[in-house]
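The values are calculated or read from the model by the stated rules, or taken from the named source; none is laboratory data. Note that the coordinates shown come from a computational prediction; the quantities given were computed from them, not determined experimentally. Because the Cβ atoms are built from the backbone with ideal geometry, glycine has one as well, and the counts that use them run over all protein chains shown. Protein only, heavy atoms only, side chains kept; ligands, DNA and RNA dropped before computing areas. Shrake-Rupley method; radii C 1.70, N 1.55, O 1.52, S 1.80 Å.
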2 protein chains.
Amino acid sequence: MATNDPAREGENLLFLTDEQLRKGIEAMFFAYRGFTADPDRILADYGLGRAHHRALHFIHRSPGTTVNNLLSILGVTKQSLNRVLRTLVEEGLVESRVGQRDRRERHLRLTEAGRTLEQRLSDAQRDRMRAAYRSAGPAAVAGFRQVLEAMMDEETRPSYETLRDGGG
Amino acid sequence: MATNDPAREGENLLFLTDEQLRKGIEAMFFAYRGFTADPDRILADYGLGRAHHRALHFIHRSPGTTVNNLLSILGVTKQSLNRVLRTLVEEGLVESRVGQRDRRERHLRLTEAGRTLEQRLSDAQRDRMRAAYRSAGPAAVAGFRQVLEAMMDEETRPSYETLRDGGG
DNA sequence: TTGGAATGTCAACAAGGCTGACGTATTCTT
DNA sequence: AAGAATACGTCAGCCTTGTTGACATTCCAA
């Protein structure tokens with residue numbers, strides 16, 4: 001174990017020990033499970049899955065976004081996303097409009113029902129996040145965000161920083 | 001948007017606004033993707049998936065752990081875990097020994113090859129975690145961990161706090 | 001000896017990833 | 001105007017990883 005290797009002293013600033021890193025890795029695993037648990041339960045009632053939640057979330061966040069844009073944010077294939085979007089449109093949760101400037105594009109929006117479901121889902125997820133934030137305090141939250149941002153892929157960070165706005 | 005609703009003043013301590021919470025939710029999503037990206041690439045070379053990685057990780061962490069114990073940590077069905085374990089045993093990465101005290105139990109250990117792969121995987125994951133920790137600094141790391149721990153389910157937190165030690 | 005616990009296994013199914021191929025508008029480029 | 005490129009949809013098939021349900025085996029304990 002490199003943990004007790006005195007040769008790497010300069011690097012072993014307490015919070016960089018293998019043990020600390022392992023704890024962080026496990027914390028991510030367990031926390032992510034908690035993070036998705038509440039929405040998953042709600043989605044099950046609708047016969048939908050986590051993939052639908054992600055689509056709803058980002059369409060809600062960027063109304064009028066195009067399929068291609070959503071594709072690059074979610075990082076899945078168009079076939080995969082299409083299956084999800086088809087269901088959402090069929091269920092009357094999402095509306096797909098032909099673009100005005102470029103008629104090849106489809107602009108996506110939540111319907112009233114879609115907004116309602118999205119609200120339920122994000123309320124559940126926010127409740128947990130809020131509770132975690134509250135119990136940890138503002139300083140911890142800042143650190144939390146800093147570490148998460150540093151953990152993203154370089155290419156995905158732009159998607160996070162500023163999601164492209166959908167035309168309309 | 002409830003964000004600017006002055007009626008909820010007591011609760012709107014800046015870091016609890018809907019906008020802040022949404023950012024946190026998205027940060028979790030994107031960061032988790034980065035978090036798993038490196039191991040996933042390695043696993044693909046071996047024809048293995050993320051489920052195998054999780055099993056390897058926790059077997060490495062608690063050598064001699066039982067199937068049942070692993071089951072409760074991973075939170076999947078025995079059929080699901082069994083499929084994963086069978087592959088790992090077949091590939092010579094994990095060894096399953098009949099328990100001595102209770103011969104119904106199977107105690108799991110990594111083989112030499114298993115240790116090698118686990119090392120490769122966790123090195124990749126730790127590298128990213130280390131980079132994130134380093135760029136964020138010790139205070140941020142403490143906050144990161146605090147928030148993650150608060151975000152876990154009550155029932156899963158014990159698994160995180162102290163993983164049961166495998167006998168044998 | 002018998003009930004229950006721990007484990008393994010078979011079968012079937014679903015979600016949600018993937019690749020490849022193809023079709024159809026539409027727009028851009030030459 | 002013709003052809004290339006783009007945006008999107010769709011069909012078909014495959015994989016991983018989760019789920020249920022049913023059932024066999026082995027072994028511990030009452």
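All of B:Arg106, B:Arg126 fail the test of being surrounded by 15 or more Cβ atoms within 10 Å (Cβ to Cβ) and closer than 30 Å to A:Ala150 by Cα, apart from B:Arg126.
If A:Arg109 satisfies every condition in (1) in a helix (DSSP H, G or I); (2) within 16 Å of DNA strand D (Cβ to nearest atom); (3) more than 8 Å from chain B (Cβ to nearest Cβ); (4) not hydrophobic (A, V, I, L, M, F, W, C) but one, which is the exception? Going through the list (1) in a helix (DSSP H, G or I); (2) within 16 Å of DNA strand D (Cβ to nearest atom); (3) more than 8 Å from chain B (Cβ to nearest Cβ); (4) not hydrophobic (A, V, I, L, M, F, W, C), A:Arg109 breaks only (1).
Residue by residue, here is whether (1) more than 6 Å from DNA strand C (Cβ to nearest atom); (2) more than 14 Å from chain B (Cβ to nearest Cβ); (3) over 16 Å from the mean Cα position of the chain (by Cα) holds:
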residue	(1), (2), (3)
A:Arg50	no, no, no
A:Arg54	yes, no, no
A:Ile59	yes, no, no
A:Thr66	yes, yes, yes
A:Leu70	yes, no, no
A:Ile73	yes, no, no
A:Lys78	yes, yes, yes
A:Arg83	yes, yes, yes
A:Thr87	yes, yes, yes
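Among the residues making up region A:92-131, those that are among the small types (Gly, Ala, Ser) and within 17 Å of the chain's Cα centre (by Cα) are A:Ser122, A:Ala124.
Given the options B:Ala131, B:Ala140, name the one that is within 30 Å of A:Pro138 (Cβ to Cβ), more than 11 Å from DNA strand D (Cβ to nearest atom), open to solvent by 20 Å² or more (accessible area, probe 1.4 Å) and within 11 Å of chain A (Cβ to nearest Cβ).
Going through B:Ala131, B:Ala140 in turn, just one is within 30 Å of A:Pro138 (Cβ to Cβ), more than 11 Å from DNA strand D (Cβ to nearest atom), open to solvent by 20 Å² or more (accessible area, probe 1.4 Å) and within 11 Å of chain A (Cβ to nearest Cβ): B:Ala131.
Can you confirm whether A:Ser96 is open to solvent by 40 Å² or more (accessible area, probe 1.4 Å) and in a strand (DSSP E or B)? Judged against the criteria, A:Ser96 is a match.
If the requirement is being among the polar types (S, T, N, Q), open to solvent by less than 60 Å² (accessible area, probe 1.4 Å) and under 16 Å from A:His60 (Cβ atoms), which of these qualifies: A:Thr111, A:Thr156?
Testing whether each residue is among the polar types (S, T, N, Q), open to solvent by less than 60 Å² (accessible area, probe 1.4 Å) and under 16 Å from A:His60 (Cβ atoms) leaves just A:Thr111.
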